[in-house]
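A.B. asks: I'd like to ask some things about the structure below.
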Amino acid sequence: MKRVLVTGVGGPAGQSLVHQLIEYGYQVVGTDIRPVDMPGVAVCRVPPASDPAFVETLRTLTVACRADLVIPTVSEELPVLAQETDWPAPIALAPRKGVLLANDKWLTWQRLNEQNVPVPRAMLPSHVQSDDHVAQTIGWPCIAKPRVGRGGRNVVLYQKTDFDELRALDDHFILQEFIPGVEYAPNVYIRRQGGSVVVPLRKTALKQGRIGNALSVVRDDSADVAALACAAARALELTGALDIDVRRRSDGIPVVLEVNARFGAHSAHAPEVLRALLDEITMQERGTSISPLILLAII
Ligand SMILES: Nc1ncnc2c1ncn2[C@@H]1O[C@H](COP(=O)(O)OP(=O)(O)OP(=O)(O)O)[C@@H](O)[C@H]1O
Ligand SMILES: [Mg+2]
């Protein structure tokens, strides 16, 4: 394996991956919807995932640059690419069912809750009857966030006094109990053949103070967070690289906020995850190139 095509190289997940791949000596071709200047990387502009031309553009590029591996890092691309079969190179993407569940925070919550994986209490805006009803179901303050979204966009912490604003939300949002404790981003790799790698990263500063994207992380050895991340991956039938958001309740119990079925923004702090992917692809390559020889030996 020599050449890796990474999508979304202008974003934090793409950048973190590109630096690691270059350090390991891979040739990297990147894509982005905006022009990106990145030393050592040929970056091609592609349409956004919502554009009907997106899939064919990426497919053509995969062939044209003779990519040995494609790693999508843009959340919106995942459900679109998960519909595709026969990609011209190995693609680092979980099975379709899990990708679709992880893409929608309400579906994620429902599945994890059904499977007894600890999650914050949650409801949809259309379920809301009164401020007391919110108090009983998820409590105040509470979080509202888009069911399909990323980068902490439109994630708002509502107090009881904001009830009228909260009531105006539609079911494109999910409402969740506010979990006040320490936040983690366990970076996970689930091997297709079984076995996993988990590196719990602890978020040490958040963009909006109490909530938001991690501005900095440190490695952490919380075994309960690692076990929770694996349980969430199993419940959603996900494989490959995952970036999961976890917070501790005030009693210390960790719960899953959301699951990203892709590499996270801080994967460089958990290089074991990319290593696990590269090892799996190398094994696959060996498997396909060795089998004819074995066959010959048997004959
Ligand atoms: N139930 C919750 N309790 C406390 N904080 C929360 C909760 N849900 C979300 N947050 C905060 O909001 C941030 C963004 O929420 P979340 O990760 O669910 O959405 P996102 O937009 O998909 O994020 P990203 O794509 O950056 O991972 C979280 O990292 C966390 O700081
Ligand atoms: Mg998140």
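A.B. asks: Can you name the residue in segment 210-231 that is free of Cβ contacts under 8 Å to residues at least 40 places away in the same chain and within 16 Å of ligand 2 (Cβ to nearest atom) and, of all such residues, is nearest to PRO271 (Cα to Cα)?
C.D. replies: If we take residues in segment 210-231 being free of Cβ contacts under 8 Å to residues at least 40 places away in the same chain and within 16 Å of ligand 2 (Cβ to nearest atom), then SER216 is nearest to PRO271 (Cα to Cα).
A.B. asks: Here's another thing I want to ask about it. Assuming GLY151 fulfils every condition listed in (1) at negative phi; (2) within 15 Å of ligand 1 (Cβ to nearest atom) apart from one, which condition is it?
C.D. replies: (1)
A.B. asks: Name the single residue, out of those in segment 217-263 being over 21 Å from ILE179 (Cα atoms) and among the hydrophobic types (A, V, I, L, M, F, W, C), that is farthest from ligand 1 (Cβ to nearest atom).
C.D. replies: Result: ALA235.
A.B. asks: Filter segment 184-205 for residues that are in contact with an Asp or Glu (Cβ under 7 Å, 6 or more places away or on another chain) and within 16 Å of ligand 2 (Cβ to nearest atom) and give the result.
C.D. replies: The answer is TYR184, ALA185, ASN187, PRO200, LEU201, ARG202, LYS203.
A.B. asks: Could you list all residues from segment 156-202 that are farther than 21 Å from LEU242 by Cα, within 11 Å of ligand 1 (Cβ to nearest atom) and assigned to a loop (DSSP other than H, G, I, E, B)?
C.D. replies: So the first thing to find is which residues in segment 156-202 are farther than 21 Å from LEU242 by Cα, and the list is 156-181.
The next check asks that each one be within 11 Å of ligand 1 (Cβ to nearest atom); those that pass are 156-157, 174-181.
Across segment 156-202, the qualifying residues are PHE178, ILE179, PRO180, GLY181.
A.B. asks: So, one more: Which of the following residues is modelled with pLDDT of 95 or more and exposed (fewer than 14 other Cβ atoms within 10 Å of the Cβ): ASP251, ASP245?
C.D. replies: Among ASP251, ASP245, only ASP251 is modelled with pLDDT of 95 or more and exposed (fewer than 14 other Cβ atoms within 10 Å of the Cβ).
A.B. asks: Looking only at segment 59-78, which residues are of a type in the set (Ser, Thr, Tyr) and either at positive phi or in a loop (DSSP other than H, G, I, E, B) (or both)?
C.D. replies: Within segment 59-78, the subset of a type in the set (Ser, Thr, Tyr) is 60, 62, 73, 75.
Answer for segment 59-78, where residues must be of a type in the set (Ser, Thr, Tyr) and either at positive phi or in a loop (DSSP other than H, G, I, E, B) (or both): THR73, SER75.
A.B. asks: Show me the helices (runs of 4 or more DSSP H) found entirely inside segment 92-155 where at least 2 residues are more than 16 Å from ligand 2 (Cβ to nearest atom) and surrounded by fewer than 16 Cβ atoms within 10 Å (Cβ to Cβ).
C.D. replies: The qualifying helices (runs of 4 or more DSSP H) are 105-114, 131-137.
The values are calculated or read from the model by the stated rules, or taken from the named source; none is laboratory data. Every value quoted in this text rests on a predicted model; they were computed, and no experiment measured them. Ideal geometry is used to build each Cβ from the backbone, glycine not excepted, and the neighbour counts take in all protein chains shown.
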